[in-house]
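Take a look at the structure below.
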Amino acid sequence: MKIFISVDMEGIACATHSDHVKMEGPAYVAAQRWMTAEVNAAIDGAIEAGADSFVVADGHGLMRNLLPDELHEDALLVLGTPRPLLQMEGIDDSFDLAFFIGYHARAGDAIGVMAHTHVGKIVYELYLNGQPVTEAAFNGAVAGHFGVPVGLVAGDDALLAEVAVTHPWAERAVTKWAIGPTAARNLTPKAAQKTIRHAAKRAVERAGEMTAAKLDSPIEFRAHFLKALQAQLVSDIPGVERFDSRSVRYIGADMVEITKIWRLMINAGLSGFAV
């Protein structure tokens, strides 16, 4: 039983403010420990149910936040950026399940803690085949391309309400209950780790009930940016069509192609951020 684990930071227990997720200061250092411990809890729970192989992809910011010295020794760790599959780098069709730890609600959610979609400072909303997506739904479609079901999602209750619709079979571990974008009623880190461990164990035990969310080809991807300049810069990428002042679309054969084009869009959009 082989598990792929993609890890973000905004959804971990007790992370409630940007100080926790920016790479500086004591709040960030504490959040690194909480983040790593939540991953370890997921691995421990999966091992209890018989899983024996793990790849962990750090998916937050510059994608080098997890503490290798404290990570479970049975895991292989994907660190750093750039990488073709972003938060899903390392996945392939050899995995049985995907776990998403520390995930958060999508941009525009009314109360989701630090809610955003991939790169909050340039993009407002992403769509796949006409449906707005969270990072969990986007990455779940990447997993689905390889035939891998999403077995567990851990984060705040605002995210998990969406996951209940997009991936109703997946185990859901609530780490906190959103009060607003920078406030939540949190489990303590140890309580969150216990919740995640139990959910991971159940996910592996229920692996046969899980469904891979594979999108039919072709796939329409739409990105809505915060500034018209960002959409203008992104529209220079071959195959990308600008259809209003701040929005573009791209038609791709599969989610691997879509993800690689989205990475190019991020790079182009960030180049216009400071202008």
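The values are calculated or read from the model by the stated rules, or taken from the named source; none is laboratory data. Predicted model only: the values in this text are computed from it and were never measured. Positions of Cβ are backbone-derived with ideal geometry, glycine not excepted, and every protein chain shown enters the neighbour counts. The protein model used for the area step is the full one, side chains on, heavy atoms only, and it has no ligands, DNA or RNA in it. Shrake-Rupley method; radii C 1.70, N 1.55, O 1.52, S 1.80 Å.
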(request) Please work out how much accessible surface GLU241 shows to a 1.4 Å probe, ignoring ligands, DNA and RNA, in Å² rounded to 10. (result) 90
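In square angstrom, what is the accessible area per residue of the chain with a 1.4 angstrom probe?
Working: 10940 Å² over 275 residues.
Using a 1.4 Å probe on heavy atoms only, each residue of the chain averages 40 Å².
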(message) Sort THR134, THR182, THR166 by heavy-atom solvent-accessible area, probe 1.4 angstrom, most to least.
(response) THR182, THR166, THR134
(message) Checking the cross-link filter: which lysines have an alpha carbon closer than 22 Å to that of LYS201, excluding same-chain neighbours under 8 positions apart?
(response) LYS2, LYS176, LYS190
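Please report the antiparallel percentage of DSSP beta bridges with both residues in segment 149-275, rounded to the nearest 5.
Numbers: 13 of 18 bridges.
Just about 70 percent of them are antiparallel.
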(request) Could you tell me which of VAL150, ALA105, THR188 has its Cα farthest along the dipole of segment 103-190 towards the positive end, charges placed at Cβ (Lys, Arg +1; Asp, Glu -1), taken about the Cα centre? (result) THR188
(message) Amide H of LEU77 versus every other amide H placed in the peptide plane: which residues, excluding those fewer than 5 positions away on the same chain, fall under 5 Å?
(response) VAL56
(message) Using a 7 Å offset from Cα along Cα-Cβ at LYS227, what residues in segment 16-47 end up with backbone N under 13 Å from the label point?
(response) none
(message) Could you work out what % of the accessible surface of the chain is carbon and sulfur, using a 1.4 angstrom probe and leaving DNA, RNA and ligands out of the count?
(response) 52
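If a/c stays under 1.5 just call it rounded; otherwise compare a/b with b/c (prolate if a/b is bigger, oblate if not). Do that for segment 14-137, with a ≥ b ≥ c from the square roots of the Cα gyration tensor eigenvalues.
Details: a/c = 1.76, a/b = 1.23, b/c = 1.43.
Here segment 14-137 falls in the oblate category.
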(request) Given the options GLY112, GLY239, GLY11, state which has the largest fluctuation in a GNM of the chain using a 10 Å cut-off (strictly under) for Cα springs. (result) GLY239
(request) For LYS260, go through the lysines and keep the ones whose alpha-carbon is under 23 Å away, minus same-chain ones fewer than eight residues off. (result) LYS121, LYS214, LYS227
(request) Quick one: what are the phi-derived ³J(HN,Hα) couplings along segment 236-247, Karplus 6.51/-1.76/1.60 with θ = phi - 60°, whole Hz, x for glycine and proline? (result) 6, 6, x, x, 8, 10, 8, 10, 7, 4, 10, 10
(request) Tell me the label-point distance for the pair LEU67, ALA161, using the 7 Å Cα-to-Cβ offset, in nm and rounded to one decimal. (result) 3.4
(request) Give, in nm to one decimal, the length gained when the segment between SER245 and THR182 is fully stretched (0.36 nm per residue of separation minus the Cα-Cα distance). (result) 19.7 nm
(message) If you count only protein heavy atoms and use a 1.4 Å probe, how large is the accessible surface of LEU215, to the nearest 10 Å²?
(response) 60
(message) Could you derive backbone 3J(HN,Hα) for segment 94-103 from the dihedral phi with the Karplus parameters 6.51, -1.76 and 1.60 (θ = phi - 60°), listing whole Hz in sequence and x where the residue is Gly or Pro?
(response) 7, 8, 8, 8, 10, 10, 10, 10, x, 7
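Calculated from DSSP H runs of 4 or more alone, at -39500 (n - 2.57) each and per residue, what is the 222 nm mean residue ellipticity of the chain, nearest 500?
Working: 7 runs with 90 residues, N = 275.
Helix-only estimate at 222 nm: -10500 deg cm²/dmol.
Could you tell me whether segment 70-175 comes out rounded, prolate or oblate from its Cα gyration tensor? Rule is a ≥ b ≥ c as square roots of the eigenvalues, rounded for a/c under 1.5, then prolate if a/b exceeds b/c, otherwise oblate.
Details: a/c = 1.40, a/b = 1.33, b/c = 1.05.
Taking the square roots of the gyration eigenvalues as a ≥ b ≥ c, segment 70-175 is rounded.
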(request) May I ask you to derive the relative contact order of segment 120-220, considering only C-alpha pairs under 8 Å and at least 6 residues apart, and to give it as an integer percent? (result) 34
(request) Could you pull out every residue, at least 5 positions away or on a different chain, whose amide H is within less than 5 Å of the one on ALA213? Hs are placed 1.01 Å off N in the peptide plane, and Pro or chain starts have none. (result) GLY144, VAL150
(message) Residue by residue through segment 184-191, what is 3J(HN,Hα) from phi via Karplus (6.51 cos²θ - 1.76 cosθ + 1.60, θ = phi - 60°)? Round to whole Hz and write x for glycine and proline.
(response) 7, 8, 9, 5, 5, x, 5, 5
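Would you list PHE95, PHE146 from the most to the least accessible area, probe 1.4 Å?
Largest to smallest exposure gives the sequence PHE146, PHE95.
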(message) Amide H of LEU226 versus every other amide H placed in the peptide plane: which residues, excluding those fewer than 5 positions away on the same chain, fall under 5 Å?
(response) VAL123, TYR124
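Could you order SER247, SER217, SER235 by accessible surface area, starting with the largest, using a probe radius of 1.4 Å?
Largest accessible area first, the list is SER217, SER235, SER247.
Considering only DSSP beta bridges with both partners in the chain, what is the antiparallel share in %, to the nearest 5?
Numbers: 20 of 44 bridges.
Of those bridges, close to 45 percent are antiparallel.
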(request) With a ≥ b ≥ c taken as the square roots of the eigenvalues of the C-alpha gyration tensor of segment 64-132, please select rounded if a/c is under 1.5 and otherwise prolate if a/b is larger than b/c or oblate if it is not? (result) prolate
